[in-house]
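Read the structure below first, then the notes.
All of the numbers you see were taken from the coordinates with simple rules; none came from a lab. Everything numeric here is computed off the predicted structure, so don't read it as measured data. Every residue, glycine as well, gets a Cβ built from its backbone with ideal geometry; the counts of neighbours run over all protein chains shown.
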Ligand code: ADP
């Protein structure tokens, strides 16, 4: 077991020998726990009410066994006394239930309020992060932070915390009462029970660890199965079924090896430890029975049968209290882990350059100049993607970026959008470094239409008006310009038609026309286009092209071009190859140089575009 564990858990240490996380930051411990409790501060009022109910309900729970015993003694006394005692017991339980109701309700409510607040806050601090952050943090993982980690925290600071107090109070109260009732019997009990329960707890921990290992191995197998099944076409086309099965079985075998041991351990847990537990109870019962026997001989010594009953119930209460406390420990540790991840996100400042006095340029023309721009993606610092790129786009010009796939065309567009900033060199708009501009304002002045535009799962109208508030007339006008009005009007719900998973399925060309309308409604000064490489059907093709041509009119345009007709019309063609500008000029000039461009033209500008073959 140890050996397996050692293989799995990789720990990191700093130069002082302290354990750290994989980024070298110290492992969060207490500070996070304190801060975690701090999260519940706005709910202090609610939690105090909850605490009072908790105290009262626990008090009831603690004295109830005493009355159980009294019922036994009353039954040995008279019918009248029995009725009275049972009535009192019922009243006690009624009160206890009311307090429990308030306690559970209030604590859960406080937790819900806390987690609702935390989730909004957390989403807010995630979405403002820079694009590079999303390059390295997977969406699924971030969504997990929002859903499961926050739930763990919710439980920790409310339900688990209340349970902690409840069980502690219950244990202390029960023990105190037991001592008060009969010190010597309590002494016997305390001599036996802790030994048994501590060893059971230890063994339980061992079993849990083993179960965790088992789960991990099973998860490995699951990942393997998922990979094979999700790429079943590839598996089959290489006749890899037998191989996939062997690999999967290997993983399953690993988990089975642990599963075998786990089965025995589970048996020991159920058999041996329940024997020990009953043995301990029998011992107490024997000693208690002896005291009852003595009492029946001489009422001045020993204890009554009822008192022994109470005693046994208290014993159970204490044992249960301890068991539940130990299960809480795991919950709290989980919460500390979850809170560390959440606080890291909450505290993270987006890594975006923000100037002291962000500029807003009143008469923007969209003129763009790259001056010796060098750039590496933060997630891949070892590769220089742009190696000194310089070019100009005059106002109102249409510039086409062409070149082999992976050359850096999209990167240039990403930099103009300021998804990233260059490592060296500058990008200027109307002579002003982009970094000095007000980013929110600037992004409203540029619009991007990408190859495969993303539409949101809302109405067509809301999709078109995503970038700014717009009237219905403006939405329709933009749609008309983008050749979208006609097909949208044909939907029963028109512009209120929902798109996305729960709405209508739009064709590629329709999506693009909506995306063009979405860009047009912003009346951007600079239009960024990424031409589709995959061919649309002829009809869509024509409508999209017409919309694009209209959108370009009167604007500065940078287009990642895959179509010959586009590059022919461009005022300037910039050929990007391996992060550098290979050639630059008009279509005709470049053709005359017999260089990279000509080769690209002969191959229809490469990148897989075939729809243009008639050119
Ligand atoms: P093109 O648009 O000309 O096909 P790109 O600009 O997409 O080329 O890519 C240029 C290089 O940058 C490629 O090597 C690509 O793998 C890399 N790259 C693109 N996007 C990222 C990213 N988000 N993180 C790391 N590397 C990237």
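Restricting everything to alpha-carbon atoms, can you work out Rg to Rh for region 483-611 with a Kirkwood hydrodynamic radius? Before the final figure, lay out the partial values.
Details: Rg = 17.1 Å, Rh = 16.5 Å.
A ratio of 1.04.
What area, in nm² and to one decimal, does the C-alpha convex hull of the chain cast on average over all directions? Mind dumping the intermediate values first?
Working: hull surface 165.1 nm².
That works out to 41.3 nm².
What percent antiparallel are the DSSP beta bridges of the chain, to the nearest 5? List each step's numbers first, then the result.
On the way: 22 of 41 bridges.
Bridges in the chain that DSSP calls antiparallel: roughly 55 percent.
Going by how many other Cβ atoms sit within 10 Å of their own, how do 565, 228 line up, fewest first? It would help to have the intermediate numbers written out before the result.
Numbers: 565 13, 228 18.
Least crowded to most crowded, the residues run 565, 228.
Could you tell me how many degrees, from 0 to 90 and to the nearest 10, lie between the Cα long axis of helix 472-481 and the main elongation axis, the longest principal axis, of the Cα atoms of the chain?
Rounded to the nearest ten degrees, it is 50.
At q = 0.15, 0.20, 0.33 Å⁻¹, work out log10 I(q)/I(0) for region 277-316 with the Debye formula, treating every Cα as an identical point scatterer and leaving solvent out; two decimals please.
Debye intensities relative to I(0), on a log10 scale: -0.32, -0.54, -1.06.
Please report the spacing between the Cα centers of region 415-493 and region 55-111 in Å, no decimals.
66
Taking the Cβ of each residue in 466, 278, 167 as the centre, tally the other Cβ atoms inside 10 Å and list the residues starting with the fewest. All intermediate terms of the calculation are to be shown ahead of the outcome.
On the way: 466 16, 278 12, 167 22.
Lowest count first: 278, 466, 167.
Note the angle between two axes, namely the Cα long axis of helix 44-77 and the longest principal axis of the Cα atoms of the chain, as a number of degrees from 0 to 90, rounded to the nearest 10.
30
When the helix-only estimate is applied to the chain (DSSP H runs of n ≥ 4, each -39,500 (n - 2.57), divided by the residue count), what is the mean residue ellipticity at 222 nm, nearest 500 deg cm²/dmol? Before the final figure, lay out each step's value.
On the way: 22 runs with 376 residues, N = 615.
The helix-only estimate for the chain comes to -20500 deg cm²/dmol at 222 nm.
With each label point set 7 Å from Cα along the Cα-Cβ vector, what nm distance links residue 589 and residue 276?
Computed distance between label sites residue 589 and residue 276 equals 8.7 nm.
Write down Rg/Rh for region 103-204, rounded to two decimals, with Rg from the C-alpha atoms and Rh from the Kirkwood relation over Cα pairs.
On the way: Rg = 22.3 Å, Rh = 17.6 Å.
In region 103-204, Rg relative to Rh is 1.26.
What whole-number value in cubic angstrom gives the convex hull volume per residue for the C-alpha atoms of region 470-559?
Each residue corresponds to 101 Å³ of Cα convex hull volume.
Using the count of nearby Cβ atoms within 10 Å as a rough guide to exposure, how do 282, 53 rank from fewest to most?
Working: 282 11, 53 21.
So the residues, fewest neighbours to most, are 282, 53.
With everything on Cα atoms, drop me the angle between helix 79-127 and the longest principal axis of the chain, reported from 0 to 90° to the nearest 10.
Taking the Cα atoms of the chain, the angle to 79-127 is about 20 degrees.
What nm distance separates the two modelled labels at residue 127 and residue 349, each placed 7 Å from Cα along Cα→Cβ?
My value for the distance between the label points is 2.3 nm.
Give me the Kirkwood hydrodynamic radius of region 545-598 in Å, from all C-alpha pairs, to one decimal place?
Working: mean 1/r = 0.0827 Å⁻¹.
Here the Kirkwood hydrodynamic radius works out to 12.1 Å.
Could you sort the peptides 334-341, 87-94 by per-residue average Cβ neighbour count (10 Å cutoff), highest mean leading?
On the way: 334-341: 19.9, 87-94: 13.2.
Ranking, from highest mean packing down: 334-341, 87-94.
With label points built 7 Å along Cα→Cβ from the Cα atoms of residue 426 and residue 569, find their separation and express it in nm.
So the two model labels end up 3.4 nm from each other.
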